Amino acid sequence: MKKIVIVIFDHFTDLDLFLMWDILGRNKTDWQVKILGTQKEHQSANGLVIKTHGCISEANDADVVLFSSGKVGVKGAIANPDFMRAFSLNPNTQLIGSICAGSFILAKLGLLAMGPATTHPDAKEELQSLGIDVLDLPLVCKGNVATAGGCLSAVYLIGWVVEALFGREKRQETLRELIPAGQSAIYERLIETSIRDAISPKVGVGAILENRLQAPSRSMPIEDDPV
C-alpha cells in the first residue's frame, strides 16, 4: 500500500486541503493518506481546527508528498526554520507536489531549481522573482515534481499522482465521483489534456504519463517502468 501525505500549517487554505483529502481519502485499499503538521492540530485560514495524523518528518518516508497552500500560512511555514529543516525529500524516489502558494515551499527546498513551475495567478510575479520560470498552466510537472495553480487544479494534481502510481484507469476511477452529471466526456478530455500539457520536458514520470495518454490501452503501474 502506498503512503501519501498532505502537509499543512497554520492558516492553510481550506479547499486546498479538503479537496485533496476527500479525493484521496475515498480509497482505502491502494493507498493510505495522512495529514501531517508541526503540531497536533492546525487552524485553517477560515478558522477550522484540523487534527493532524503525524509529524512532518514522516513525509521523508512517504511515496507521495503534497504541500497545501495559504497566502499567510506558507510565509509563516517558510519562516519557521524547524519546519524547513524537517524535510529531506528525494525527487528520484518520491512524487512531490504542491498546490498554489505551496510552490514557494518547493522552491525553498530547492525542488524547483530546474523549473518550470506554476502557482496561483496572484503569486506568479513573486515566484518569478525567485528565478523560477512560471507557466500559465494549471499543472506543471518536471520529472517527479509537480506544481498546481488554483484550488480546483488539485483535481489535476491528484490525477497526475494516481495515474503515475497506478495507471490511467485508476485515475479515471478515482476522479469519477467528482465529475458533474452529463459532463464526463468533457472533463476526461480536460483532465487528460491538462496532464499532457503539464509534462515538459519529457523526463521521468512525465515521459511515462505522456506515453499512456497517447496510447490509452497501456496501463502498466509506474513501478514496472524505468524512471
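The values are calculated or read from the model by the stated rules, or taken from the named source; none is laboratory data. All values derive from a computational prediction rather than experimental measurement. Positions of Cβ are generated from backbone atoms using ideal geometry, with glycine treated the same way; all protein chains shown enter the neighbour counts. Side chains are part of the model used for accessible areas, which takes the heavy atoms of the whole protein and leaves out ligands, DNA and RNA. Shrake-Rupley method; radii C 1.70, N 1.55, O 1.52, S 1.80 Å.
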Handout entry: Of the criteria (1) open to solvent by less than 40 Å² (accessible area, probe 1.4 Å); (2) touching a helix residue (DSSP H, G or I) at 6+ places or on another chain (Cβ under 9 Å), which one Asp63 fails
Key = (1)
Exercise for the section: Kindly indicate the residue of segment 42-60 that is free of Cβ contacts under 8 Å to residues at least 40 places away in the same chain and in a loop (DSSP other than H, G, I, E, B) and also surrounded by the most Cβ atoms within 10 Å (Cβ to Cβ) among those meeting that condition. Expected result: Ala45
Fill in the blank from the handout: Checked segment 159-187 for anything without any contact (Cβ under 8 Å) to a residue 40 or more places away in the chain, outside any loop (DSSP other than H, G, I, E, B) and either among the hydroxyl-bearing types (Ser, Thr, Tyr) or open to solvent by less than 80 Å² (accessible area, probe 1.4 Å) (or both); matches are Gly159, Val162, Arg171, Gln172, Ser184, Ala185, Tyr187
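Would you kindly identify the helices (runs of 4 or more DSSP H) lying entirely within segment 70-126 that contain at least 1 residues that are under 25 Å from Ile199 (Cα atoms), among the aromatic types (Phe, Trp, Tyr) and at pLDDT 95 or above?
It comes to 103-108.
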Fill in the blank from the handout: Taking segment 131-158 and the residues there that are of a type outside the set (Phe, Trp, Tyr) and in a helix (DSSP H, G or I), the one that is nearest to Ser69 (Cα to Cα) would be Cys151
Problem - Subset of segment 11-28 (residues that are of a type in the set (D, E, K, R) and either out of contact with any strand residue (DSSP E or B) (no Cβ under 6 Å at 6 or more places or on another chain) or within 16 Å of Val64 (Cβ to Cβ) (or both)) - result: Asp16, Asp22, Arg26, Lys28
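Looking at the structure I just gave you, is Gly76 more than 19 Å from Val161 (Cβ to Cβ) and either open to solvent by less than 60 Å² (accessible area, probe 1.4 Å) or touching a Pro at 6+ places or on another chain (Cβ under 8 Å) (or both)? Even if it seems obvious, please write down each step before you answer.
Values: more than 19 Å from Val161 (Cβ to Cβ): yes; either open to solvent by less than 60 Å² (accessible area, probe 1.4 Å) or touching a Pro at 6+ places or on another chain (Cβ under 8 Å) (or both): yes.
Criteria met by Gly76.
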Practice task
Identify, by number, the condition in (1) open to solvent by less than 10 Å² (accessible area, probe 1.4 Å); (2) in contact with a helix residue (DSSP H, G or I) (Cβ under 8 Å, 6 or more places away or on another chain); (3) within 22 Å of Ala79 (Cα to Cα) that Leu106 doesn't meet.
Solution key: (2)
